[in-house]
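Here the structure comes first, spelled out in structure tokens, and everything after it is commentary.
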Amino acid sequence: MTAPTAVQEAFLRAFHAEHPAVTADAFADGRAPDGRSSYEVLCDRVAGARRVLDLGCGDGVLLDLLARTEGRRLAGVDLSPEALALARRRPSLHAAALAEARAQRLPFAGGAFDACVCHMALMLMGDVDRVAAEIARVLSPGGVLACVIGGGALGGEAYELFSDLLRAAVRRAPAEQRIPPLGDRRTRGRAGLAEVLEPAGFGTPDWETVPLDLSGPADRVWVTLSGIYDVGPLDPVAVRRLRETFLTEAAGLVGPDGRVPCGFTVHVVTASLR
């Protein structure tokens, strides 16, 4: 069962107040087979757009990439004032319109953007049908939505090990140390996302699954993986035990190069307004 949107957003605000750059910390160093990060993949999907909105912009890492194209007009919204404060410190974003706002009620005029990008945030949002309608409203005719949605572990690697250990830790934790169900499950699959986007006026979404290599030294992989929302509410003793167990078992995965293999898939989705 999905938690009420207000409950979801309260959790996300509190989590990102403590971890304002957590998504960038986890994914900025990950690489697709062609060497690009998931942020660069998303940036390339809107290469020709001059007016771009970043939905759930966080600390501004994606906007910073988009700003490398001269003449762009950029905007970003996020629930977290702490994350937005980090974005505002980026010299490249001094002219960007950055606002603390909900995706269900965007503070922009209709047709204000040629493209909307969203990295690992759409699947966390409640009332997602309203979100889709708002994205469509602020896009110009033919405008493009491009988003990255989380997939899962590639199998047999550190992410899978971490996931198994985390599930066990969460099962042992009291109810108050568990996160509310986040987002709308329809956004995590191809057919469900089409069910959300098409009534808002988008065409059939293009869906590409991209593997990311998040491998590295065991300590670094722990930092990457432990930013997941489920870890946040656990008490410090449980987190310390989880870390110790992960590092011990991950030692058996270390390759000749001293790196722990860690793979994760994302889905890169694009859809245009009809």
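The values are calculated or read from the model by the stated rules, or taken from the named source; none is laboratory data. Given the structure is predicted, the values throughout are model-derived calculations rather than measurements. Glycine gets a Cβ as well: all are built from the backbone with ideal geometry, and neighbour counts include every protein chain shown.
Any idea how many residues of the stretch 157-200 are more than 16 Å from L234 (Cβ to Cβ), surrounded by fewer than 16 Cβ atoms within 10 Å (Cβ to Cβ) and touching a residue at least 12 places away in the same chain (Cβ under 8 Å)?
4
Take the residues in the stretch 256-274 that are out of contact with any helix residue (DSSP H, G or I) (no Cβ under 7 Å at 6 or more places or on another chain) and part of a strand (DSSP E or B), then tell me which one is nearest to A153 (Cα to Cα). Steps first, answer last, please.
The initial filter retains those residues of the stretch 256-274 that are out of contact with any helix residue (DSSP H, G or I) (no Cβ under 7 Å at 6 or more places or on another chain), namely 256-259, 265, 267, 272, 274.
With the extra rule that they be part of a strand (DSSP E or B), the set shrinks to 265, 267, 272.
Working: T265: 6, H267: 12, S272: 29 Å.
The residue in question is T265.
Specify the residue that is farthest from S140 (Cα to Cα); the eligible residues are those in the stretch 18-47 that are assigned to a helix (DSSP H, G or I) and at pLDDT below 95.
E18
With the condition kept exactly as written, say whether any residue in the stretch 205-212 is closer than 16 Å to L247 by Cβ, outside any strand (DSSP E or B), modelled with pLDDT of 95 or more and not β-branched (V, I, T).
Within the stretch 205-212 (the criterion being closer than 16 Å to L247 by Cβ, outside any strand (DSSP E or B), modelled with pLDDT of 95 or more and not β-branched (V, I, T)), the answer is no, since none of the residues qualifies.
Can you find a residue in the stretch 106-120 that is under 18 Å from G151 (Cα atoms), assigned to a strand (DSSP E or B) and touching a helix residue (DSSP H, G or I) at 6+ places or on another chain (Cβ under 6 Å)? Walk me through how you get there before you give the answer.
Kept after step one, since they are under 18 Å from G151 (Cα atoms), are these residues of the stretch 106-120: 117-120.
Still in the running and assigned to a strand (DSSP E or B): 117-119.
Subset that is touching a helix residue (DSSP H, G or I) at 6+ places or on another chain (Cβ under 6 Å): 117, 119.
Yes, some residue in the stretch 106-120 is under 18 Å from G151 (Cα atoms), assigned to a strand (DSSP E or B) and touching a helix residue (DSSP H, G or I) at 6+ places or on another chain (Cβ under 6 Å).
From the list L53, L12, pick out the single residue that is assigned to a helix (DSSP H, G or I) and of a type outside the set (V, I, T).
Answer to the check: L12.
Can you name every residue in the stretch 56-83 that is in a helix (DSSP H, G or I) and surrounded by fewer than 23 Cβ atoms within 10 Å (Cβ to Cβ)? Walk me through it before giving the result.
Taking the stretch 56-83 as the starting set, the residues that turn out to be in a helix (DSSP H, G or I) are 61-66, 81-83.
Correct list: V61, D64, L65, P81, E82.
Only one of these is within 30 Å of V144 (Cα to Cα) and either surrounded by 15 or more Cβ atoms within 10 Å (Cβ to Cβ) or among the polar types (S, T, N, Q) (or both): F246, F264. Name it.
Answer to the check: F264.
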